[in-house]
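The values are calculated or read from the model by the stated rules, or taken from the named source; none is laboratory data. Since the model is a prediction, treat every value here as computed from it, not as a measurement. We place every Cβ from the backbone using ideal geometry, glycine too, and count neighbours over all the protein chains shown. The area values use the complete protein model at the heavy-atom level, side chains included, leaving out ligands, DNA and RNA. Shrake-Rupley method; radii C 1.70, N 1.55, O 1.52, S 1.80 Å.
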Amino acid sequence: MTDCLFCKIIAGDIPSDKVYEDDAVFAFKDIQPKAPTHVLVIPKIHIPTLADAKDPAMLGNLMDKVNHVANDVLKLEAGYRIVINVRKGGGQEVFHLHAHILGDTSGKTRLPF
Ligand code: 5GP
Ligand code: ZN
């Protein structure tokens, strides 16, 4: 989608600090981190919100990749929090489905993030 910030990040039209990419998902550091480690994982296809996602396989793969990024890429061994804000009332500001990974590799910071 041409008018979507995260689609532009996937396309490389807007720079980002990428931590992982494959054929279906893209993961990059949040520009305003709310935790010592704060990464966003997004599907490469444009889906505005979680409520618009009708494909269980796509959602399953997204969660599998969230786990992969959190554990194998970011090494959040002490644990992490996953947040998906849905629509304006749920705090969503960018209308391209994304999962927040929030954590601290040092294990020192605990919830709340
Ligand atoms: P939401 O509130 O929609 O769940 O989360 C959107 C997130 O995107 C926010 O945490 C915000 O800091 C992040 N964000 C907004 N614009 C940019 C950007 O241009 N680059 C990056 N890396 N993150 C962004
Ligand atoms: Zn998009």
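Rundown of residues vs (1) modelled with pLDDT of 95 or more; (2) part of a helix (DSSP H, G or I); (3) touching a Leu at 6+ places or on another chain (Cβ under 8 Å); (4) open to solvent by 60 Å² or more (accessible area, probe 1.4 Å), yes/no style:
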{"residue": "V66", "(1), (2), (3), (4)": "yes, yes, no, no"}
{"residue": "N71", "(1), (2), (3), (4)": "yes, yes, no, yes"}
{"residue": "L76", "(1), (2), (3), (4)": "yes, no, no, no"}
{"residue": "V94", "(1), (2), (3), (4)": "yes, no, yes, no"}
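Taking residues in segment 66-94 that are free of Cβ contacts under 8 Å to residues at least 24 places away in the same chain, and partners anywhere that are within 16 Å of ligand 2 (Cβ to nearest atom) and acidic (D, E), the pairs with Cβ atoms closer than 9 Å and at least 6 places apart or on different chains are N85/E93.
Every residue in segment 96-113 that is more than 24 Å from K8 (Cα to Cα) and either β-branched (V, I, T) or open to solvent by 20 Å² or more (accessible area, probe 1.4 Å) (or both), please.
Initial filter on segment 96-113 (more than 24 Å from K8 (Cα to Cα)): 103-113.
T105, S106, G107, K108, T109, R110, L111, P112, F113, listed by residue number.
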